[in-house]
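Quick notes on the structure that follows.
The values are calculated or read from the model by the stated rules, or taken from the named source; none is laboratory data. Here the structure is a predicted model, which means the values were calculated and not measured. Heads up, the Cβs are rebuilt from the backbone with ideal geometry, glycines too, and the neighbour counts pull from every protein chain shown.
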Amino acid sequence: MISYKELGFVNTRGMFKKAMEGKYAIPAYNFNNMEQIQAIITACVETQSPVILQVSSGARKYANATLLQYMGKGAVEMMKNMAQEKGLREIPMALHLDHGDSFELCKSCIESGFSSVMIDASHHSFEENIALTKKVVDYAHPLDVTVEGELGVLAGIEDDVSAEKSTYTQPEEVIEFVKKTGVDSLAISIGTSHGANKFKPEQCTKTADGVYVPPELRFDILEEIERKIAGFPIVLHGSSSVPMEAVKIINSNGGALKDAVGIPEEQLRKATKSAVCKINIDSDGRLWMTAAIRKHMNEKPADFDPRKYLGPAREALIKMYKHKNEHVLGSAGKA
């Protein structure tokens with residue numbers, strides 16, 4: 001067993017406290033490979049933003065759990081070296097399990113250096129959700145690892161997480177859930193969704209130029225939850241904005257993304273002024289990475305060196321993460 005402190009990570013408790021006081025959200029960026037983690041570190045050091053490196057169960061299997069541990073350690077060392085070279089402050093970094101679906105998985109991640117885990121038992125009954133979440137909390141807290149729980153179900157598909165439709169979080173359940181589980185933060189469902197197709201066309205309003213505008217997030221539910229558990233950290237999953245520029249690049253270079261719709265950035269900016277202090281973004285990274293790779297391969301089909309197309313993909317990610325930190329989440333300059 002290795003503690004996250006040995007790897008140089010922090011848990012999310014202090015991050016969330018500062019974010020709630022400062023009215024901004026901590027970016028939680030998912031990664032699967034080296035280029036993604038390089039881009040996250042570069043963007044967050046250069047914008048001086050705290051960050052949560054987020055790993056799904058599928059990403060952990062893809063990367064290999066042992067290699068992932070050393071990638072995490074490498075990310076911390078890269079951050080320190082880059083900050084020193086640029087004359088900037090080191091930034092707080094957490095390593096978080098996204099959508100853990102079992103006690104065993106959460107335990108394994110904690111023992112391999114994760115500083116925070118999510119146990120997503122939202123697909124179980126309310127009572128079973130409480131029981132499983134509490135079991136993880138009881139194991140994690142003595143090791144000073146923070147735990148995120150979830151109430152409500154987000155629609156969409158992302159890695160191993162799949163649901164046909166959303167089930168909004170019931171505000172009347174949050175007090176009992178938080179009290180009985182002891183969780184450090186709570187993911188809620190107020191209309192965000194996983195994947196690049198967050199809404200069906202019939203759910204949206206279509207503008208004159210053919211752009212689909214999704215329904216507004218249920219801020220009334222968020223406000224009611226805030227009243228019931230005042231000062232408690234809230235998390236939004238499935239919060240990619242699905243930029244149409246990236247979708248157009250993908251489709252004009254051989255892709256076939258249809259009816260891709262995300263969460264408007266102005267709604268996310270509004271959410272950061274509430275108790276929402278962690279916002280998860282995965283699909284936007286996937287889209288920009290794919291857009292850059294497709295564009296390069298289409299324009300230079302003779303290239304076969306992976307660095308030739310993964311390099312531009314990494315640059316596209318850096319630009320996107322910087323934009324999120326500076327103009328959406330408000331986390332830039334908060335390291």
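Could you grab me the full set of residues in segment 1-19 that are farther than 26 Å from L67 by Cα and either buried (at least 19 other Cβ atoms within 10 Å of the Cβ) or of a type in the set (F, W, Y) (or both)?
M15, F16, A19
For a quick check of your reading of the model, give me the residue pairs whose first member lies in segment 229-258 and is on the phi > 0 side of the Ramachandran plot and touching a residue at least 60 places away in the same chain (Cβ under 8 Å), whose second is part of a loop (DSSP other than H, G, I, E, B) and not acidic (D, E), with beta-carbon atoms closer than 6 Å and at least 6 apart or on different chains.
G238/L154; G238/T192; G238/S193; G238/H194
Would you check if L310 is modelled with pLDDT of 95 or more, farther than 17 Å from K23 by Cβ and under 16 Å from the mean Cα position of the chain (by Cα)? Please lay out each step first, then the result.
Working: modelled with pLDDT of 95 or more: yes; farther than 17 Å from K23 by Cβ: yes; under 16 Å from the mean Cα position of the chain (by Cα): no.
Taking the combined requirement at face value, the residue does not satisfy it.
Given (1) assigned to a helix (DSSP H, G or I); (2) out of contact with any helix residue (DSSP H, G or I) (no Cβ under 9 Å at 6 or more places or on another chain); (3) closer than 24 Å to I318 by Cβ, where does P142 come up short, assuming only one miss?
Of the numbered conditions (1) assigned to a helix (DSSP H, G or I); (2) out of contact with any helix residue (DSSP H, G or I) (no Cβ under 9 Å at 6 or more places or on another chain); (3) closer than 24 Å to I318 by Cβ, the odd one out for P142 is (3).
State which residue is surrounded by the fewest Cβ atoms within 10 Å (Cβ to Cβ) when the search covers only segment 62-86 and only residues that are under 18 Å from the mean Cα position of the chain (by Cα) and more than 25 Å from G14 (Cβ to Cβ).
This residue is Y62.
Give me a count of the residues in segment 79-133 that are without any contact (Cβ under 8 Å) to a residue 24 or more places away in the chain and outside any loop (DSSP other than H, G, I, E, B).
Qualifying residue count for the region: 7.
Step by step: first the residues of segment 28-78, then only those that are part of a strand (DSSP E or B) and among the polar types (S, T, N, Q), then the one that is nearest to K324 (Cα to Cα). Which residue is that?
That would be N30.
Would you say F16 is in a loop (DSSP other than H, G, I, E, B) and touching a strand residue (DSSP E or B) at 6+ places or on another chain (Cβ under 8 Å)?
no
Identify all residues within segment 15-42 that are within 15 Å of R89 (Cβ to Cβ) and in contact with a Pro (Cβ under 9 Å, 6 or more places away or on another chain); write none if there are none.
M15, K18
I need the full set of residues from segment 24-46 which are more than 23 Å from T290 (Cβ to Cβ) and under 18 Å from the mean Cα position of the chain (by Cα), in order please.
Y24, A25, I26, V45
Determine if segment 40-49 includes at least one residue that is closer than 25 Å to G238 by Cβ and free of Cβ contacts under 8 Å to residues at least 60 places away in the same chain.
yes
Can you tell me which of (1) over 28 Å from K134 (Cβ atoms); (2) within 19 Å of the chain's Cα centre (by Cα); (3) modelled with pLDDT of 65 or more is the one A208 doesn't meet?
The one condition A208 does not meet is (2).
Which condition breaks for D305 when tested against (1) of a type outside the set (F, W, Y); (2) out of contact with any Gly (no Cβ under 9 Å at 6 or more places or on another chain); (3) within 26 Å of E326 (Cα to Cα)?
(3)
Quick check on my filter: what residues within segment 223-241 are in contact with a strand residue (DSSP E or B) (Cβ under 7 Å, 6 or more places away or on another chain) and either surrounded by fewer than 22 Cβ atoms within 10 Å (Cβ to Cβ) or among the aromatic types (F, W, Y) (or both)? Break it down stepwise before answering.
To start, the set of residues in segment 223-241 that are in contact with a strand residue (DSSP E or B) (Cβ under 7 Å, 6 or more places away or on another chain) comprises 225, 232-240.
F232, the sole residue that qualifies.
Just for segment 112-121: of the residues that are surrounded by 22 or more Cβ atoms within 10 Å (Cβ to Cβ) and among the hydroxyl-bearing types (S, T, Y), which one is nearest to the chain's Cα centre (by Cα)?
S116
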